[in-house]
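The values are calculated or read from the model by the stated rules, or taken from the named source; none is laboratory data. As the structure is a computational prediction, the values presented were derived from the model and not from experiment. Every residue, glycine as well, gets a Cβ built from its backbone with ideal geometry; the counts of neighbours run over all protein chains shown. Just so you know, the surface numbers come from the protein's heavy atoms only, side chains and all, with ligands and any DNA or RNA stripped out. Shrake-Rupley method; radii C 1.70, N 1.55, O 1.52, S 1.80 Å.
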Amino acid sequence: MAVTAKDVAEACGVSRITVNRALSGNENVKPETREKILKKAQEMGYVPNLIARSLVNGKSKMIGIVISDIKNLYFSEIVDAITRQARARGYMVCTCTHDSDCQEERRLIEMMKGYCVDGMILNCVNRGDEFKDWLDKLDMKYVILGYQLLPGSYTVGVNENKSVKDVVRFLKAHGYNKQVFVVPPLYGEDGQINIPHYQRTSGFLEEAKKQDCDYHILYGKDTNEQALEFLKKNTGEKPVFLCTGEMFAIPMQKFLKKNGYRAPKDYGLMTYDRLMYRFWNEDAIAAVDNHVDQIGMSVANAVIDLIEEKEIPMNIEVPYDLEEGTSL
């Protein structure tokens, strides 16, 4: 039979309330009494029922993370940073993935609420006022992973529109006037728009036009083949491909190399994120370093500050850097 707080109290000759206070770090317990209780609890193999405790004091010291997936290295590193920062501030995390399924996302958020997490970090696929109203009715502290991704909610992330405009000017300064933006379909099968990619695409179009660039966009799931055809048809001015993620840039570089085209001899290449190349690529592709570690720590601090009733900015903008590589 499991050891209870009552058993520890009887063994120490104190009340169960005193045991609970000692185990929760309450300063009203004398140091010598706390040490005695902690030692006896360890000897007896006592494990506190955290769910029951959270129902009593209203705090579980648990943060829920509901994210699209962790197969993507970008998200797995953010979750790792969140976990480390939460641990440093005395919290645990529980991570679930919704695989970009709108109904599954809502179900998981409701489950997190049911398990009495103190707050949530959301990489949401649902959008719009109706979804925000639904979240707010749950009466739960939450922060959205993605700068200004859900208007009216607390958000943390990189200003995607601003960053891509900096990239256009950066590439222009490197002598690339013919710029090609490579992006996946902006709308999913459910009709939901991919807002970060949309923000980058709109920013690219606006700034490329402003800089009087010869600009193009490759959409879809066959962008490697589209890039090859583009190179075959444009044999004059050397273009640069700006990929909206490493998952597109690295396969493209390898595909074009197999077909006789090399960067930076025949084209330039730049990407968002700088995570995968160290595993798959010998040379670093020029990149927008989003500092995912800082994003993870910042969003963890934001939701914990909300839980602890501290004031934070509505939208926290994480800085980024444009990193030189061997591909320009």
Taking segment 292-328 and keeping only residues that are touching a residue at least 40 places away in the same chain (Cβ under 8 Å) and either touching a Cys at 6+ places or on another chain (Cβ under 8 Å) or closer than 21 Å to PHE248 by Cα (or both), one is left with VAL292, TYR320, LEU322, GLU323, GLY325, THR326, SER327, LEU328
With criteria (1) open to solvent by less than 30 Å² (accessible area, probe 1.4 Å); (2) under 17 Å from PHE181 (Cα atoms); (3) modelled with pLDDT under 95, ALA284 comes up short on (2)
Going through segment 127-173 in order, the residues found to be more than 15 Å from PRO196 (Cβ to Cβ) and of a type in the set (S, T, N, Q) are SER153
Output for Cβ contacts, cut-off 7 Å, separation at least six or different chains, first residue more than 23 Å from ASN194 (Cβ to Cβ) in segment 80-107, second assigned to a loop (DSSP other than H, G, I, E, B) and open to solvent by 40 Å² or more (accessible area, probe 1.4 Å), reads GLY90/LYS61; TYR91/LYS61; MET92/LYS61
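Restricted to segment 304-315, and to residues that are open to solvent by less than 40 Å² (accessible area, probe 1.4 Å) and of a type in the set (A, V, I, L, M, F, W, C), which residue is nearest to the chain's Cα centre (by Cα)?
Quick first cut of segment 304-315, residues open to solvent by less than 40 Å² (accessible area, probe 1.4 Å) only: 304-307, 312.
Subsequent filtering for residues that are of a type in the set (A, V, I, L, M, F, W, C) retains 304, 306-307, 312.
Working: ILE304: 16, LEU306: 18, ILE307: 19, ILE312: 18 Å.
Selected residue: ILE304.
Would you mind listing the helices (runs of 4 or more DSSP H) fully within segment 4-103 where at least 2 residues are at pLDDT 90 or above and either β-branched (Val, Ile, Thr) or exposed (fewer than 14 other Cβ atoms within 10 Å of the Cβ) (or both)?
Details: elements: 5-12, 16-23, 31-44, 50-57, 73-88.
In segment 4-103, the matching helices (runs of 4 or more DSSP H) lie at 73-88.
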GLU207 fails exactly one of (1) within 17 Å of THR244 (Cβ to Cβ); (2) touching a His at 6+ places or on another chain (Cβ under 7 Å), namely (2)
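Would you point out the residue of segment 133-173, among those that are basic (Lys, Arg) and assigned to a helix (DSSP H, G or I), that is most open to solvent (accessible area, probe 1.4 Å)?
From segment 133-173, those basic (Lys, Arg) are 137, 141, 162, 165, 169, 172; that's our starting set.
Okay, now just the ones that are also assigned to a helix (DSSP H, G or I), so 137, 162, 165, 169, 172.
Values: LYS137: 172, LYS162: 101, LYS165: 38, ARG169: 98, LYS172: 70 Å².
Applying the filter and picking the extreme gives LYS137.
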Across (1) polar (S, T, N, Q); (2) modelled with pLDDT of 95 or more; (3) within 29 Å of the chain's Cα centre (by Cα), ASN259 clears everything bar (3)
- Task: Looking only at segment 207-226, decide whether some residue is surrounded by fewer than 21 Cβ atoms within 10 Å (Cβ to Cβ), modelled with pLDDT of 95 or more and among the hydroxyl-bearing types (Ser, Thr, Tyr).
- Result: yes
